[in-house]
Every structure is written in C-alpha cells, then in structure tokens.
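The values are calculated or read from the model by the stated rules, or taken from the named source; none is laboratory data. Predicted, not measured: the structure shown is a model, and the values here were computed from it. Because the Cβ atoms are built from the backbone with ideal geometry, glycine has one as well, and the counts that use them run over all protein chains shown.
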Amino acid sequence: MSKTDEMMAERPKRCPTHPGVMLRETVLPALRLTVKDAAADLRISRQTLHRILAGDLSVTPQMAVRLGKFCGNGPGVWLRMQQAHDLWNAEQMLKAELEQIPSHAA
C-alpha cells in the first residue's frame, strides 16, 4: 500500500461536519440565540452568519477567532473543523488525479 493510499484510508468515509452546521444545530439552540442576536454578538452581518450556518461560507481564521471568543472554546476548534471539511472535499474532488501521482518517501 502506498503512502497516499494509507493517508486516504485514514480519512473518514463521510464528509466531516461543516462548522456552520455545528453552530446552527448545536451552539445557537443551546445558547437560545437567534441568528440576528448571534450576528450582533459576533459583530458580523446576518447574511454572513446565514452563509456560514448553511455551509456556503468557510470559517476563516478571523471568523474562528470571533467564534472561539463567542463560544469560549478558542479559535483552534473552529479552524480544525473547517480544515477537516475542506480537506475531505478536496481529496474527493481530486481522487482520480491523486491515483496518477506517485508517492516519494523523504
């Protein structure tokens, strides 16, 4: 098994949850906050928050800092969630092409 095959085998079979879904389904209901109130607290527009909650907008490092402060869990959690989501999607999109790229041990 090549290194690439080993790395791909370690990846989850389904797409990791977008951080916006976590906000929409877990965080905001637990805090009993509306999108309007959460957007105001985060100091962003409601439209921006709606796009994140829909999974249409990625969590940037700047947004991760805001969310980390807002939720009290730091920015790293939000960045890692976004990275896992993006990496899985990239690997799926490039799957056929990756099979053509040789692996070289360093």
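Across the stretch 73-93, not a single residue is classified as hydrophobic (A, V, I, L, M, F, W, C) and not in a helix (DSSP H, G or I). Of everything in the stretch 33-66 that is of a type in the set (A, V, I, L, M) and closer than 16 Å to THR17 by Cα, the residue that is surrounded by the most Cβ atoms within 10 Å (Cβ to Cβ) is ILE52. Taking every residue in the stretch 38-57 that is on the phi > 0 side of the Ramachandran plot and pairing it with any residue that is surrounded by 14 or more Cβ atoms within 10 Å (Cβ to Cβ) and assigned to a helix (DSSP H, G or I), at least 6 positions away or on another chain, the pairs with Cβ-Cβ distances below 9 Å are ARG43/ARG66; GLY55/PRO19; GLY55/GLY20; GLY55/VAL21; GLY55/ARG24; GLY55/HIS85. Taken over the stretch 57-77, residues that are under 13 Å from VAL27 (Cβ atoms) and under 12 Å from the mean Cα position of the chain (by Cα) amount to 2. Annotation note: Cβ proximity below 6 Å between a residue of the stretch 69-86 that is of a type in the set (Gly, Ala, Ser) and a residue that is surrounded by 13 or more Cβ atoms within 10 Å (Cβ to Cβ) (sequence gap 6+ or interchain) occurs for GLY74/GLY68; ALA84/PRO16.
The requirement of being in a loop (DSSP other than H, G, I, E, B), within 30 Å of ILE101 (Cα to Cα) and at pLDDT below 95 is not satisfied by MET8.
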